[in-house]
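S.K.: Please see the structure below; I have some questions.
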Amino acid sequence: MSSRHLLLIRCLMVSLGTVSCLGESEDVGREEGTWSVAPAPVLEIGVVEGADAYMFEAIQNARLLPDGRVVVADGGQLLIRVYGTGGRFQMEIGGRGEGPGRFQGINGLWLTSEGKIGVWDAGNRRITTFSPEGDLESTHSVVVGDELAVGNLEVFLGSFSDDDIALASLQLGGDPREERLYPDRWVLARFGLD
């Protein structure tokens with residue numbers, strides 16, 4: 001049951017400071033459920049030299065908003081940037097700092113079930129959400145028990161369908177100068193947006 005399929009692949013690739021969206025490809029004569037990817041990206045955002053809005057220092061993550069805009073988290077500049085469907089810069093969110101809507105680190109970026117932009121900031125130990133228009137929606141500090149006190153939950157593992165997120169810390173075992181073996185330990189935790 002196939003003839004012609006037009007596929008829109010909504011995935012992002014991040015390489016060398018450029019965000020590329022893979023896109024439309026025509027698929028002729030393939031069986032239903034088969035996916036293919038166009039040989040070239042349909043959208044690239046980023047330049048080696050040029051306007052600051054298109055220069056990235058350390059891309060942490062990128063996501064597609066439901067309306068097709070692209071959200072990019074730059075962990076080096078501690079900014080979230082939003083680009084239109086054609087790759088044109090629209091706005092910057094955040095910046096370096098400790099106040100609401102500011103970051104000391106961008107360790108995770110995801111979209112909530114309501115289409116909000118979620119950010120995990122391990123430096124400030126908090127979860128921040130923004131509207132797709134860039135308005136600050138919420139800021140919540142993460143409170144941990146004694147078992148997590150050693151780690152800083154620097155690893156963002158992902159989000160769940162109920163908007164909880166999974167975070168992890170690597171806790172190094174023992175003194176490396178000693179001749180005994182001490183295992184390193186991963187601590188995993190799940191947190192709600194509140």
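The values are calculated or read from the model by the stated rules, or taken from the named source; none is laboratory data. Worth saying up front: this structure is predicted, and the values here are computed from it rather than measured. Heads up, the Cβs are rebuilt from the backbone with ideal geometry, glycines too, and the neighbour counts pull from every protein chain shown. Calculation scope for accessible area: heavy atoms of the full protein, side chains included, ligands and nucleic acids excluded. Shrake-Rupley method; radii C 1.70, N 1.55, O 1.52, S 1.80 Å.
S.K.: Provide the FRET efficiency to the nearest 0.05 for the Thr112-Leu172 pair, computing r from the beta carbons and using R0 = 30 Å.
M.R.: Efficiency for this residue pair is about 0.35.
S.K.: Let me ask you something else. Please report the accessible area of Ile117 (heavy atoms, 1.4 Å probe, ligands and nucleic acids excluded) in Å², nearest 10.
M.R.: Per-residue accessible area (Ile117): approximately 0 Å².
S.K.: Using 0.36 nm times the number of residues separating Arg190 and Glu133, minus their current alpha carbon distance, what extension gain do you get?
M.R.: Gain on stretching Arg190 to Glu133: 17.8 nm.
S.K.: Give me the accessible area per residue for the stretch 45-156, probe 1.4 Å, as a whole number in Å².
M.R.: Value returned for the stretch 45-156: 46 Å² of accessible area per residue.
S.K.: Rg to Rh for the stretch 50-174: what is it, with Cα atoms only and Rh by Kirkwood?
M.R.: Rounded to two decimals, Rg/Rh equals 0.98.
S.K.: Okay, next question. Take the stretch 43-99, compute every pairwise Cα distance, and split them into 5 Å bins from 0; I just need the percent in each bin.
M.R.: Once binned at 5 Å, the Cα pair distances of the stretch 43-99 give 4, 20, 31, 27, 12, 5, 1.
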